[in-house]
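Trainee: Let me give you the structure first, and then I'll get to my questions.
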Amino acid sequence: MKLTVWTYEGPPHVGAMRVATAMKGLHYVLHAPQGDTYADLLFTMIERRGHRPPVSYTTFEGRDLGEDTAGLFKRACQDAFDRFQPQALIVGASCTAELIQDDPGGLAETMNLPVPVIALELPSYQRKENFGTDETFYQLVKALAQPVEKTPEITANLIGPLALGFRHRDDIEEIKGLLYDMGIGINVVAPFDATPHDLTRLGAAHINILMYPEHAETAARHMERVLGIPYTKTVPIGVGATHDFVAEVARICGVAPKKDLSRLRQPWWSKSVDSTYLTGKRVFIFGDATHVQTAARIARDEMGFEVVGIGCYNREFARPIRQLAKDFGLEALISDDYLEVEKAIEDAAPEMILGTQMERHIGKRLGIPCAVISAPVHVQDFPARYSPQMGWEGANVIFDTWIHPLVMGLEEHLLAMFREDFEFHDEAGASHHGGHSPKPVEGGQPPAAAQPPRSISEAKMDEEAAAQTGTDVMVWLADAERELKKIPFFVRGKARRNTEKFAAERGVTEISVDTLYEAKAHYAR
């Protein structure tokens, strides 16, 4: 197991917990030692749920290992059933408890509880959290969903949304609206807010809407094979993908592809924004495979960005992400090591990052604006307001989410550029207030503005530039240093290297503003 300040995916039992927490009437009995109960915090603090996850722990201690830990597990199962009276139980072991090999499934089976008991085999040392969500939901569907008579009207199952998902609650409502416009009803939404009894009715639907392949593709394939329910392959995130999704659903269900575009503002807004903010902006995309695939299409085809990096952390989807990157002329980054991701972003020198909460941290370190597009996320990405990613309203939300970091980033850069201006230096008042007059400064000159702190990436670039060009034998004059600071950090290292190379070739040992601009003109040819 790799310890880190942040992790893209936890062990697979956390994935099982996400399914259990999303559902009602289901209880998860987890064979786990003290210390493996931290996952409660993910739901109560980050997602701000109003109740604890429906999970009971055996919480054995070190002194119990020489005794009957199997007995502890059986008592925990009986206590959970007596207290919560669930419609079904799922049982399994945490990554630590897996090592003592107590076989929770076999132990629970011997108890003859009067409800279905589904055993989970989640290899903690080979697979991770998203595998845990997919496998847990599949085992529930396999055990509970049986062939039943179809509903008289055309209905759909929405499968995949669960706890700790990125805007899953709001995506459900948006998909319901898209289907309602075509006259398609909803049979079951699962796992989100579903009960084990609801899962027995899955077979009554005419189509499965696979909202998030990471969490439900195995179950979708099972239902197609056993229950004869086709499932959608298009995830409706973005304008183009939503059009494709509506067409796919209409084809499968044999209905007219009706669309209510009255709420869609993203296409016009994208065209109306000054091209300085959007066109050709270099973006690096990283997250779970579903959101990376949809974000890449939006970035290139709907926002006019240049995609300079693509990657995902869930290795189960490495093949489609590698193919996607190839289509963009790139090499995909498949990794769950945030340091490797940070290095790739630093090397690509993008103007914006589309990623997870971890990339938001990386962006702060490197001084690059970041918009979050994928789990894992933090508390600020579970808003109280309606904020979907899917459908027409999702396209509007994505536009706002992506454009604002770029606009604010440009504003911060402008403030840095004019930091030494007589009106904008640190001692001056706010210039937009009436009757503004800069505070007098002794000597008649504004004080030298404090330089903003340099990012780690910026300092590293400057050090590398010094090593490659022999800055120790060159002198940057003060005015040239100030001018260099006005260049955005992600190209500043290149500008320094080019200027010093230009000066060295001409035998110049003191670099002035004129030298800087002569070098710029030389390399711009």
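The values are calculated or read from the model by the stated rules, or taken from the named source; none is laboratory data. These numbers come from a predicted model, not from an experiment. Heads up, the Cβs are rebuilt from the backbone with ideal geometry, glycines too, and the neighbour counts pull from every protein chain shown. Accessible surface areas use protein heavy atoms only, side chains included; no ligands, DNA or RNA. Shrake-Rupley method; radii C 1.70, N 1.55, O 1.52, S 1.80 Å.
Trainee: Report, in debye and to the nearest 20, how large the dipole of region 264-303 comes out about its Cα centre when Lys and Arg carry +1 and Asp and Glu carry -1 on their Cβ.
Mentor: In total the dipole reaches around 100 debye.
Trainee: Oh, and also: Using a 1.4 angstrom probe with every protein chain in place, what is the largest-first accessible-area order of R482, R52?
Mentor: The ranking, largest first, comes out as R52, R482.
Trainee: At 0.36 nm per residue, minus the direct Cα-Cα distance, what do V379 and D103 gain on full extension? Give it in nm, one decimal, please.
Mentor: Stretched out fully, the V379 to D103 stretch lengthens by 95.8 nm.
Trainee: Can you pull the one-decimal nm distance between simple spin-label points at K364 and R482, each 7 Å off the Cα toward Cβ?
Mentor: Here the modelled spin labels are 3.2 nm apart.
Trainee: While we're here: Rounding to the nearest 20 debye, state how big the charge dipole of region 295-381 is about its Cα centre with +1 on each Lys and Arg Cβ and -1 on each Asp and Glu Cβ.
Mentor: Charge dipole of region 295-381: 120 debye, to the nearest 20.
Trainee: Quick one: which residues, 5 or more positions from A93 or on another chain, have an amide H under 5 Å from its amide H? H modelled 1.01 Å from N in the peptide plane, none for Pro or chain starts.
Mentor: So A93 has HN proximity to H31, L122.
Trainee: According to the Cα gyration tensor, what semi-axes, each the square root of 5 times an eigenvalue, does the equivalent ellipsoid of region 265-413 have, listed from largest to smallest in whole Å?
Mentor: 22, 17, 17
Trainee: May I ask you to rank E481, E393 by accessible area, largest first, using a 1.4 Å probe over the protein chains only?
Mentor: If we order E481, E393 from most to least accessible, we get E481, E393.
Trainee: Same structure, new question: Please state the charge dipole magnitude for region 293-333, taken about the Cα centre, from unit charges on C-beta atoms (+1 on K and R, -1 on D and E), reported in debye and rounded to the nearest 20.
Mentor: 200
Trainee: While we're looking at this one, here's another question. Tell me the chymotrypsin sites (Phe, Trp or Tyr not before Pro) within region 327-416 that lie in a loop according to DSSP and have at most 14 other beta-carbon atoms within 10 Å.
Mentor: For chymotrypsin sites (Phe, Trp or Tyr not before Pro) across region 327-416 that sit outside H, G, I, E and B with at most 14 neighbouring Cβ atoms in 10 Å, the list reads Y386.
Trainee: Taking θ as phi - 60°, what are the ³J(HN,Hα) couplings along region 126-134 by the Karplus curve (6.51, -1.76, 1.60), each to the nearest whole Hz, with x for Gly and Pro?
Mentor: Per-residue couplings from phi come out as 10, 10, 10, 4, 5, 4, x, 5, 5 Hz.
Trainee: Taking a 25 Å limit on the Cα-Cα distance, which of the listed pairs K128/K364; K176/K271; K142/K326; K176/K326; K128/K233; K271/K485 fall beyond it?
Mentor: Among K128/K364; K176/K271; K142/K326; K176/K326; K128/K233; K271/K485, the Cα-Cα distance tops 25 Å for K128/K364; K176/K271; K142/K326; K176/K326; K271/K485.
Trainee: Here's another thing I want to ask about it. Please list the non-local residues whose amide H lies under 5 Å from the amide H of V475, H modeled 1.01 Å from N, same-chain partners needing a gap of 5 or more.
Mentor: E510, I511
Trainee: A further question follows. Note down the net charge around F399, summing +1 for each Lys or Arg and -1 for each Asp or Glu among other residues with Cβ under 12 Å from its Cβ.
Mentor: -1
Trainee: Using +1 at the C-beta of Lys and Arg and -1 at the C-beta of Asp and Glu, which of S335, N396, L354 has the Cα lying farthest in the positive direction of the dipole of region 325-412?
Mentor: It is N396, whose Cα lies furthest towards the positive end.
Trainee: Turning to a different aspect of this structure: Work from the charge dipole of region 170-272 (Cβ charges, +1 for Lys and Arg, -1 for Asp and Glu, about the Cα centre) and give the residue of T218, V249, N187 farthest towards its positive end.
Mentor: Selected residue: V249.
Trainee: Would you kindly derive the ³J(HN,Hα) couplings of region 287-294 from the backbone phi angles with the Karplus curve 6.51 cos²θ - 1.76 cosθ + 1.60 (θ = phi - 60°), listing them in order in whole Hz, with x for Gly and Pro?
Mentor: So the J values, rounded to whole Hz, are x, 6, 4, 4, 6, 5, 4, 6.
Trainee: Which FRET efficiency, nearest 0.05, do H51 and R221 yield, Cβ-Cβ r, R0 30 Å?
Mentor: That pair, H51 with R221, gives E of 0.40.
Trainee: Among the trypsin sites (Lys or Arg not before Pro) in region 214-243, which ones are in a DSSP loop with at most 13 other Cβ atoms within 10 Å of the Cβ? Mind listing them?
Mentor: K233
Trainee: Just grab the label-to-label distance for D301 and E173, each label 7 Å out from Cα along the Cβ direction, in nm (one decimal).
Mentor: Between D301 and E173, the label points sit 2.8 nm apart.
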